[in-house]
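Presented below is the structure to which this report refers.
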Amino acid sequence: MHAQLKMVIACLLAFVLAGCVARQTGTVPRAESAVVGVVMREFEFEPRPLVAKAGRVRFQLMNRGSVEHDFMITELMMNMEHDRDLVQPGQTKTIEVDLKPGLYEVVCTVPGHKEAGMKVTIEVNS
């Protein structure tokens, strides 16, 4: 119990100090991105479809499969904004993108994965 109290106090102190540093340096904390959890496994993305609000979206990619996968939003690749993010089995990675309202297709570009059905739609609402 005593260790838990120390941990809570340390967290609160870190939070307060972070706010003081932000005020002293004149930086304004950035608005948090919406977080969309995505489970990747052979050969699917979950949930289906992915749903997000327009703006800055943070995708938390969790590979629960036994081989590497990636997450490519095809419409962004056409505009040369895609970063290939290979996620190893058991690994979690986070990527952030700016999305406008609309429908987007996501595929895994590891050879054969898209063809095996590893694709999903992102519904982005305003």
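The values are calculated or read from the model by the stated rules, or taken from the named source; none is laboratory data. Bear in mind that the values here come from a model prediction, so they are computed numbers and not experimental data. Cβ sites come from the backbone with ideal geometry, for glycine too, and all protein chains shown count toward neighbours.
So if I check each of GLY90, GLY112, GLY117, GLY55, which one is at positive phi, without any contact (Cβ under 8 Å) to a residue 24 or more places away in the chain and not aliphatic (A, V, I, L, M)?
GLY112
Yes or no: the range 89-96 includes at least one residue that is in the same structural domain as PHE45 (by TED's automatic domain parsing), closer than 14 Å to GLU42 by Cβ and at pLDDT 95 or above.
yes
Across the range 46-58, what is the total count of residues that are touching a Ser or Thr at 6+ places or on another chain (Cβ under 9 Å) and closer than 22 Å to PRO111 by Cα?
1
With PHE59, PHE45, PHE71 as the choices, which residue is among the aromatic types (Phe, Trp, Tyr) and modelled with pLDDT under 95?
Criteria check complete, one pass: PHE71.
Looking for something at pLDDT 95 or above, charged (D, E, K, R) and in contact with a helix residue (DSSP H, G or I) (Cβ under 8 Å, 6 or more places away or on another chain) - is there at least one such residue anywhere in the range 107-117?
no
Do we have any residue at all in the range 33-41 that's at pLDDT below 95 and surrounded by 14 or more Cβ atoms within 10 Å (Cβ to Cβ)?
There is at least one residue in the range 33-41 that is at pLDDT below 95 and surrounded by 14 or more Cβ atoms within 10 Å (Cβ to Cβ).
Looking only at the range 38-62, count every residue that is in a strand (DSSP E or B), over 16 Å from GLN88 (Cβ atoms) and not aromatic (Phe, Trp, Tyr) and tell me the total.
10
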